[in-house]
Amino acid sequence: MSFCSYASPFFYFDYSPDNNCFFTVGKALMHGIIPYKDVFEQKGPYVYLIHGIAYLINHYSLVGIFPFEVISLFFTIYIVYKIALLYTDREYAYVVAILSPTFQLFHPYYDYGDTVESLLFPAMLSLIYVLLRGDKDNFNISRTSWVLQGFLVGLTFLMKYTLLGSWIIFYISIFTYYLIHKFWRKIIKLIQWSLVGFLLAVLPWLIFFILTKSLPAFIHVYFYENMHTYMLSNNSFFAKFIESLTIYSSFLRDDPLIFLCGFLGYVYLLASNTIFKTTVGKAIFVLMMIVNAAFIVYGYHSSQVYQYYELAFFPYLLIPTGFIIIHLLNHFKFRVNSQNESFVIIGSVLISFFLVLGVNNNILSSRIFPNNASVTLSSTNHPQEPAQIVFGKIMRKESDSHPTMLNYGSIDMGFYTTSGALPSSYYFQNYNIPYQKDPRILNNQRNIIKRHKVQWIVLNTPMGKTIHQWHGDSLAKGKISDGNLNPGTAKISKLLFKNYKVVSHHTQSFESKNVTYWLLKRKI
């Protein structure tokens, strides 16, 4: 994880707009500013709580997220080990588990890290583990497992509910199975203890929103805005479902390794009689996989899916691959004993490490490669820092560590993070929403500039374009374009320079775009 996550101390900064946005809202939460009510953002409250805790660890970077990512990857390895242990010896289970990080860290689906999909990766695997274990034991599922899965449903529901597809099918299927076989006690146990777990996750937030009088705002933003403003497809329910499966099919074909682990892995899993004891278990697994895939990208067109969404496909690639590895070890009659055990484990770790480096090259943007393109495009041997850190130091120094700022026109670029500034307006950033769909966002930001309400303005333009010259991408009118570039600054430049002056600018590469960041300070 040290070599892959931008939250790692090995990296200069986590440039992800989404991650910095979560951090800004989490920081605001720690200062009594209520998400949804006081600031507009549409992810779930647990996301902001985690980033609020990260803020308490480190005020000016996302390094506080790194422990959460390490814990997430550890649980992935541990759960894969437990799954493999259902079917093979301890030593083989070690090998399968140690190779599993490749699937959680697969670039570009794991891009900067710190996504909900990555943090919940082991949660999705734990549900598959409960299914596989239940398949071996007439679906006798323990009270502890029901409480845990109920809690994970609540956790996922309040982080990103589009990841709930597997749980929905699992609960419907197991309930139906118990009903057909008249397992009344098992039905009561399922409902009772799952509800306990769910309430443990949900009730604290419900009480919080009621006490802060923010429940209507939470419902409107988290549910209505997500389902309407962010929904890109206007097709019927059935058409959206088919479109989602088409996206999943394309995903399985795009990369040779994914095709090998996915499509061929599914064929092996479904054809084999050694994995699932019952046809019911096999059918439930297939349904969980399909509905999971459909829910993740439901309502999106294939050209508009953010690749990090698709990381949630990978638990269903990891499982069949694990079984194939077990089958190969058994087929070649490879034996692990006290003489070669250390060699096998160390060898597996090295193979896993090189596999991860083979599917994730984030390390090239780390401190190990100083002055890389994500830091600066200047030709220099003198160690440089990215715009976020440079501007953050200026703002903190000249504002006695209490700056007010506006991130104009694009998603949070990380300057709230490095400056320590709290969001001082409802729309503290722009969003992936066209201007025509919700003009209040940019209008509100322009009003802040007009009334010079904040001390600092940060914005961006393509390299080679000044603030006067940048009219926005003609193919993305009124919308954030590639490189997190705002919809244009030319129209507001006159108003902007009336009240603000340029203090600094810095050019670096972001998502294959050369971007110049501009820092402006209030004249008055």
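Can you tell me which of ILE411, ILE433, ILE457 is buried (at least 17 other Cβ atoms within 10 Å of the Cβ), at pLDDT below 95, among the β-branched types (Val, Ile, Thr) and not in a helix (DSSP H, G or I)?
That would be ILE433, the only listed residue that is buried (at least 17 other Cβ atoms within 10 Å of the Cβ), at pLDDT below 95, among the β-branched types (Val, Ile, Thr) and not in a helix (DSSP H, G or I).
Of everything in the stretch 19-43, what is of a type outside the set (Phe, Trp, Tyr), crowded, with 22+ Cβ neighbours inside 10 Å and within 19 Å of the chain's Cα centre (by Cα)? Give them in sequence order.
Selection gives ASN19, ASN20, CYS21, THR24, VAL25, GLY26, LYS27, PRO35, GLU41.
Could you check, for the stretch 236-245, whether at least one of its residues is among the hydroxyl-bearing types (Ser, Thr, Tyr) and at pLDDT below 95?
yes
Residue check: is GLU243 in contact with a helix residue (DSSP H, G or I) (Cβ under 6 Å, 6 or more places away or on another chain) and acidic (Asp, Glu)?
Against the criterion (in contact with a helix residue (DSSP H, G or I) (Cβ under 6 Å, 6 or more places away or on another chain) and acidic (Asp, Glu)), GLU243 does not qualify.
Does the stretch 23-31 include one or more residues that are within 27 Å of PHE369 (Cα to Cα) and among the hydrophobic types (A, V, I, L, M, F, W, C)?
Yes: one or more hits.
Take LEU287 and decide whether it is open to solvent by less than 10 Å² (accessible area, probe 1.4 Å), under 27 Å from the mean Cα position of the chain (by Cα) and at pLDDT 90 or above.
no
Looking at this structure, is PHE218 surrounded by 15 or more Cβ atoms within 10 Å (Cβ to Cβ), in contact with a Pro (Cβ under 9 Å, 6 or more places away or on another chain) and not β-branched (Val, Ile, Thr)?
yes
Filter the stretch 367-382 down to residues that are in contact (Cβ under 8 Å) with a residue 24 or more places away in the chain and within 31 Å of the chain's Cα centre (by Cα) and give me whichever is surrounded by the most Cβ atoms within 10 Å (Cβ to Cβ).
In this case the residue turns out to be VAL375.
Under 7 Å between Cβ atoms, at least 6 apart or on separate chains: pull out the pairs that start in the stretch 487-509 with a residue that is small (Gly, Ala, Ser) and end on any residue that is open to solvent by less than 30 Å² (accessible area, probe 1.4 Å).
Final answer for the pair search is GLY488/TRP470; GLY488/GLY472; ALA490/TRP470; SER493/ILE467; SER504/PHE391; SER504/LEU519; SER509/SER374.
Being within 16 Å of ILE296 (Cβ to Cβ), in contact (Cβ under 8 Å) with a residue 60 or more places away in the chain and either among the small types (Gly, Ala, Ser) or part of a helix (DSSP H, G or I) (or both): is that true of LEU127 here?
yes
Would you be able to tell me the number of residues in the stretch 433-468 that are over 21 Å from SER512 (Cα atoms) and either without any contact (Cβ under 8 Å) to a residue 12 or more places away in the chain or out of contact with any Leu (no Cβ under 9 Å at 6 or more places or on another chain) (or both)?
16
Can you pull out every residue in the stretch 237-278 that is open to solvent by 70 Å² or more (accessible area, probe 1.4 Å) and assigned to a loop (DSSP other than H, G, I, E, B)?
Passing the criteria: ASN273, THR274, LYS277.
The values are calculated or read from the model by the stated rules, or taken from the named source; none is laboratory data. Predicted model, so just to flag it, every value in this text is computed and none were measured. Positions of Cβ are generated from backbone atoms using ideal geometry, with glycine treated the same way; all protein chains shown enter the neighbour counts. For accessibility, only protein heavy atoms count, side chains too; no ligands or nucleic acids. Shrake-Rupley method; radii C 1.70, N 1.55, O 1.52, S 1.80 Å.
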